[in-house]
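S.K.: There's a structure below that I have some questions on.
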Amino acid sequence: MAETVYIGLGSNLDRPVQQVKLALQRLHALPQTQVIQYSSLYRTAPLGGLDQPDYINAVAQLVTHLSPLELLSNLQLLENLQGRTRQQRWGSRTLDLDILLYGQQHIYHPRLTVPHVGLYERSFVLHPMYECSPDLVLPNGQQLSEILPPLAQSDIQKLAA
Ligand code: ROI
């Protein structure tokens with residue numbers, strides 16, 4: 001069965017705008033998967049270790065026939081292609097590709113937790129996701145629009161296209 005999934009993209013190393021744009025292009029080549037749309041790019045203040053550069057974040061909406069773990073493996077290949085080494089928790093990274101939502105499913109697996117940990121609090125995920133799907137209902141039953149933090153109060157800034 002095809003599922004609608006949302007992927008979070010993030011980079012704060014090695015020309016992050018280019019890293020995220022390249023990754024968005026590479027999503028089109030995923031097997032058994034169609035890219036439906038993606039958000040603008042956002043410049044965001046680092047969450048966690050503050051002694052690191054700002055991030056570029058974006059969200060892509062896909063429809064896929066891949067299972068969650070197949071999708072994860074494919075995304076990890078793309079991360080590796082763009083020079084990601086397993087880095088410190090909370091540290092800088094050239095490319096992060098996170099499965100934010102996989103349909104309305106809750107997944108608890110040693111390799112994968114969906115919805116992504118922190119999804120409900122992270123404005124750098126919620127705002128780009130809202131741009132893709134303003135009417136989205138989250139797996140906990142909440143409307144995305146209801147939990148969207150005010151943009152003015154968030155450390156995030158939409159980049160010009
Ligand atoms: N902070 C921001 N702003 N964006 C990210 O993508 C991001 N990713 C991370 C941590 C280190 C939690 N901080 C982040 O993994």
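The values are calculated or read from the model by the stated rules, or taken from the named source; none is laboratory data. None of the values given here were measured: they were computed from a predicted structure. Because the Cβ atoms are built from the backbone with ideal geometry, glycine has one as well, and the counts that use them run over all protein chains shown. Only protein heavy atoms, including side chains, enter the accessible area calculation; ligands, DNA and RNA are left aside. Shrake-Rupley method; radii C 1.70, N 1.55, O 1.52, S 1.80 Å.
S.K.: Just want the answer: with Cβ charges of +1 for Lys and Arg and -1 for Asp and Glu, which residue in L41, L159, P31 is farthest toward the dipole's positive end in region 15-161?
M.R.: With unit charges placed on the Cβ atoms, the residue in question is P31.
S.K.: Which value in nm describes the separation of the simple spin-label points at V117 and L69, placed 7 Å from the Cα toward the beta carbon?
M.R.: Distance between label points: 2.0 nm.
S.K.: Using protein chains only and a probe of 1.4 angstrom, how many square angstrom of I99 are accessible, to the nearest 10?
M.R.: My reading of the accessible area for I99 is about 10 Å².
S.K.: Modelling each spin label as a point 7 Å along the Cα-to-Cβ direction, I'd like the Q142/R15 distance in nm, to one decimal.
M.R.: About 3.8 nm, to one decimal.
S.K.: I need the GluC sites (Glu not before Pro) found in region 121-161, filtered to DSSP loop residues with at most 14 other beta carbons within 10 Å of theirs. Could the numbers behind the result be given before it?
M.R.: Details: sites: E121, E131, E146; in loops: E121.
In loop regions of region 121-161 (DSSP not H, G, I, E or B), the sparsely surrounded GluC sites (Glu not before Pro) are E121.
S.K.: What figure, in Å² to the nearest 10, do you get for the accessible area of S67 with a 1.4 Å probe and non-protein molecules left out?
M.R.: 40
S.K.: For every helix of n ≥ 4 consecutive DSSP H residues, a contribution of -39,500 (n - 2.57) applies; sum these over the chain, divide by its total residues, and give [θ] at 222 nm rounded to the nearest 500 deg cm²/dmol. Don't skip to the end; give the middle numbers.
M.R.: On the way: 4 runs with 40 residues, N = 161.
That comes out to -7500 deg cm²/dmol.
S.K.: Hey, another quick one. Report the gain in length on full extension from A29 to Q52: 0.36 nm times residue separation, minus Cα-Cα distance, nm rounded to one decimal. Let's see the in-between values first.
M.R.: Details: separation 23, 0.36 × 23 = 8.28 nm, distance 3.11 nm.
Result: 5.2 nm gained on full extension.
S.K.: Over the chain, what relative contact order in percent results from Cα pairs under 8 Å that are six or more residues apart? Display every interim value, and only then the final one.
M.R.: Details: 299 pairs, mean separation 48.7, N = 161.
Relative contact order of the chain: 30 percent.
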